[in-house]
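I have placed the structure first, in the form of structure tokens, so that the comments after it can refer back to it.
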Amino acid sequence: MKRMSENSPLLLREFMTEDDGWGRPAGRETFAKILSFVESHPGVVIFRVSLKGVRRVDISFAAETIVEIARKYRTFKGFCFADLEDTDQQENWNAAADRAKQPLFKWHGELPAIIGPQPSQGTVDALQFALVRPEVRAAEFATVSGTSITNASTKFKQLWDQGFLLRTERNAESGGVEFVYRRIR
Amino acid sequence: MDEILVQLPTGWINASKFEDLLRFGQSPHEGHCSSVRFRFPIGCQLMTDAIVRLLSMCNQLDYCVKRVILDFEDGEGGVAGYLNRIGFFDCLAPQIEVSPGRPATWASQIFRGQNRGVVEIERIDRHHRDQTVLDRLSDAISVACAGREDVKDLTNSAWMIFAELIDNVFSHSETPLDGFAALQVYRGGNCLKVTVSDSGRGMLETLRPALAADAPQLAKLPDIELLVEVFRQGLSRHGGSRGCGLKGCADKAIKFRAELDVRLPSVRVLLVPGRNGYSPNKAYCYSHLPLVWGTHVCFTIELD
């Protein structure tokens, strides 16, 4: 079995039979392999997907593979691209993610770009806040932005629901439970 | 009526001219004819969108046990020689008669992939997904357009268009006959034609029943408007998360200001790109056309 940590990328090509990803049947076949791989790594929360060796994908293949796995695990696990440079491929991943309403991130060092649906106008500021920090709490954003904690919590919950962020429950210093939100990187 | 004659004119014939011939003549599929003759005069030249449509239609008529005759007035010296070189006769049902005779050698197998600007016809075998078909078609574009700065973008876009259209043939057409994919780069006309044709039920036939349940407002649209929406917003019989493939094709083609020609069993839409992509008010529509089974899609991409 391949070893996996959050630092080693998921090499999509290893799950494909060809270096071109064509059509839904091939996508579904690849999805099944990725699913099995993800399930065999229960401790890993974020999978960085590398497209190294993947020459081309069409939108149908994109929709059935990484977009579908991200949609399936939304709110539980996150998937992002480690090296999505090809413009043509990016258009196709974007179209597939858009259609499925499943955002994915690609990272250029510290700079994120969203593939697929964009956040709503009302949550952009909260997402921007979260993307430049390893983890955030709604209260921190509320303090910085001058909004109420309830309002900040609503925004982060919405971003989590829509697949832009992940979250974990932690014991708050005050004694209750609080949510800690994490970017998908 | 025993025989229908489809008399082709001289000069260049594209899909539109071919459709006009069908529209203003007797319908080969309908009526009681037992034989259909296509006559090609000296000086007749066919473009790839017309060739693939003709090929599908001939095989369909043959499947309906009609006698089909292709009558080439200048023998192999004219358009028949050209059709031979591009693989037309390799794909033609064996029972179809060719006058003065089928070419003796399959020139397409000798020339395949070697000529810049040449058309390639690829059979889409409904029993086998051949990934190399996509490579051959896109490689032909990269060779023919090697001098262009945007050759990579063009090749990748064409690959995507073929990938989605051919995938659509496998997924939706429920075709009893093989489909065909073809391309041709016209150096003189500075355009690239990318065409995929199948002999199935036609995409709206499979889409409408699903829409009736999921999106009744769309299901009420006339064929032509619904067809535009398939390429504009992406619709699928499998629901909202699917159907992005054909929209994706259109988005790629729009980058190159491509015209889109879609022929279904009885309607045809020719979409011209506008400021916001393809739209119903930039569509040339034809309804009540003579029956041709299947879905026939052609993108004409301007290269300059």
*Span-like helices, chain B: DSSP H, alpha-carbon axial extent 18 Å or more, mean Kyte-Doolittle 0.0 or greater, which ones?*
B:48-63, B:131-144, B:151-172
*Can you give me the pair-distance distribution of the protein assembly as shown, C-alpha pairs, 10 Å bins, whole percents?*
4, 18, 26, 22, 15, 8, 5, 2, 1, 0
_Inter-probe distance in nm under a simple model that places probes 7 Å from Cα toward Cβ, at residue B:130 and residue B:291_ = 3.0
*Looking only at other chains, what is the average number of their beta-carbon atoms within 10 angstrom of each beta-carbon in A:152-162?*
0
*May I ask for the equivalent-ellipsoid semi-axes of segment A:119-185, computed as the square root of five times each C-alpha gyration tensor eigenvalue and listed largest first in whole Å?*
17, 14, 10
*Could you state the principal axis extents of the C-alpha atoms in chain B, from the largest down, to the nearest angstrom?*
52, 51, 35
_Test of understanding: given chain B, find the longest segment containing no trypsin sites (Lys or Arg not before Pro) that are in a DSSP loop and have at most 13 other Cβ atoms within 10 Å._
B:1-115
_How big is segment A:1-98 along each principal axis, measuring the range of its Cα positions in Å and listing the largest first?_
33, 25, 22
*What ³J(HN,Hα) values, in whole Hz, does the Karplus curve 6.51 cos²θ - 1.76 cosθ + 1.60 give for segment A:29-44 when θ = phi - 60°, with x put for Gly and Pro?*
4, 5, 4, 4, 5, 5, 4, 4, 5, 5, 5, 7, 10, x, x, 8
_List the GluC sites (Glu not before Pro) within segment A:96-182 that DSSP assigns to loop and that have no more than 12 neighbouring Cβ atoms inside 10 Å._
A:110, A:173
*With 5 Å bins from zero, work out the P(r) of segment B:1-112 over every alpha carbon pair and list the percent per bin.*
2, 12, 23, 27, 21, 10, 3, 1, 0
*Enter the mean number of other protein chain beta carbons within 10 Å of the beta carbon of each residue in A:22-32, as an integer.*
3
*Long-range HN-HN contacts of residue A:105 with modeled amide H, under 5 Å*: A:81, A:115
*residue B:303 to residue B:20: FRET efficiency via 1/(1 + (r/R0)^6), r the Cβ-Cβ distance, R0 25 Å, to the nearest 0.05?*
0.45
*Take each of the peptides B:176-184, B:73-81, average the number of other beta-carbon atoms within 10 Å over its residues, and list them starting from the highest.*
B:176-184, B:73-81
*For chain A, what's the radius of gyration and Dmax over Cα atoms, in angstrom?*
16.9, 54
_Run lengths n ≥ 4 of DSSP H only: what is the helix-derived mean residue ellipticity at 222 nm for chain A, with -39500 (n - 2.57) per run over all residues, to the nearest 500?_
-11500 deg cm²/dmol
*State, to one decimal in nm, how far the label point of residue A:149 lies from the label point of residue B:152, with both points 7 Å from Cα in the Cβ direction.*
5.2
*Considering lysine pairs in chain B that are 8 or more places apart or on different chains, how many have Cα atoms under 19 Å apart?*
11
*Exposure proxy ranking, count of Cβ atoms within 10 Å, fewest first, for B:57, B:160*: B:57, B:160
_Under-5 Å amide H pairs with residue B:87, H placed in peptide plane, nonlocal only_ = B:108
*Please state the equivalent ellipsoid semi-axes for segment A:76-124: what are the square roots of 5 times the Cα gyration tensor eigenvalues, largest first, in whole Å?*
17, 14, 11
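Where a number appears in this text, it was derived from the coordinates with a stated rule and is not lab data. None of the values given here were measured: they were computed from a predicted structure. Cβ sites come from the backbone with ideal geometry, for glycine too, and all protein chains shown count toward neighbours.
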